[in-house]
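Throughout, read-outs are computed from the coordinates displayed, never taken from laboratory work. For clarity, every value in this text was computed on a predicted model and none was experimentally measured. Cβ atoms come from the backbone with ideal geometry, glycine included; neighbour counts cover every protein chain shown.
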Amino acid sequence: MTLKPTKDIAATLGKNKKDKILVGFALENENEINNAKDKLNRKNLDFIILNSMNDKGAGFNSDTNKITIFDNKEKKSEFKIKHKNLVAIDIIDKLEKYL
């Protein structure tokens with residue numbers, strides 16, 4: 001199989017978003033905060049959800065996760081490790097408060 005690079009979908013959407021709210025995700029294991037904030041700004045996102053690979057029980061191969069949400073107003077919301085269903089609720093709650 002030959003793979004070809006594709007356009008950065010989030011960055012493309014960020015350039016053309018107008019009045020839309022754009023949310024991205026970052027799965028990081030090094031320089032987590034800096035990398036997530038860089039993606040937030042570089043791709044013109046309104047929010048980025050940082051998934052940490054550095055906490056036991058978070059990430060892949062687990063039913064739990066730990067996230068931090070950054071918004072484009074320099075606000076940071078940290079959440080404790082919890083079941084992924086509850087993480088999804090945290091994300092929705094955060095977005096609803098933004099609207």
In whole Å, what are the Cα extents of the chain along the three principal axes, biggest one first?
43, 35, 23
For Ile81 and Glu28, compute 0.36 nm times the residue count separating them, minus their Cα-Cα distance, and round to one decimal in nm.
17.5 nm
Of Ala26, Leu3, Leu13, farthest towards positive along the dipole that unit charges on Lys, Arg, Asp, Glu beta carbons give the chain
Leu13
What GluC sites (Glu not before Pro) does region 40-99 have in DSSP loop regions with at most 16 other beta carbons within 10 Å?
Glu74
Segment Asn16-Asp38, length gained on full extension (0.36 nm per residue, minus Cα span):
6.1 nm
The longest stretch of the chain containing none of the trypsin sites (Lys or Arg not before Pro) that sit in a DSSP loop with at most 16 other Cβ atoms within 10 Å is 21-55
In terms of Cα to Cα distance under 15 Å, which aspartates and glutamates are near enough to Lys18, apart from those fewer than 8 places away along the same chain?
Asp46
List the lysines whose Cα sits under 25 Å from the Cα of Lys15, skipping any in the same chain fewer than 8 residues away.
Lys4, Lys7, Lys37, Lys39, Lys43, Lys73, Lys75, Lys76, Lys94, Lys97
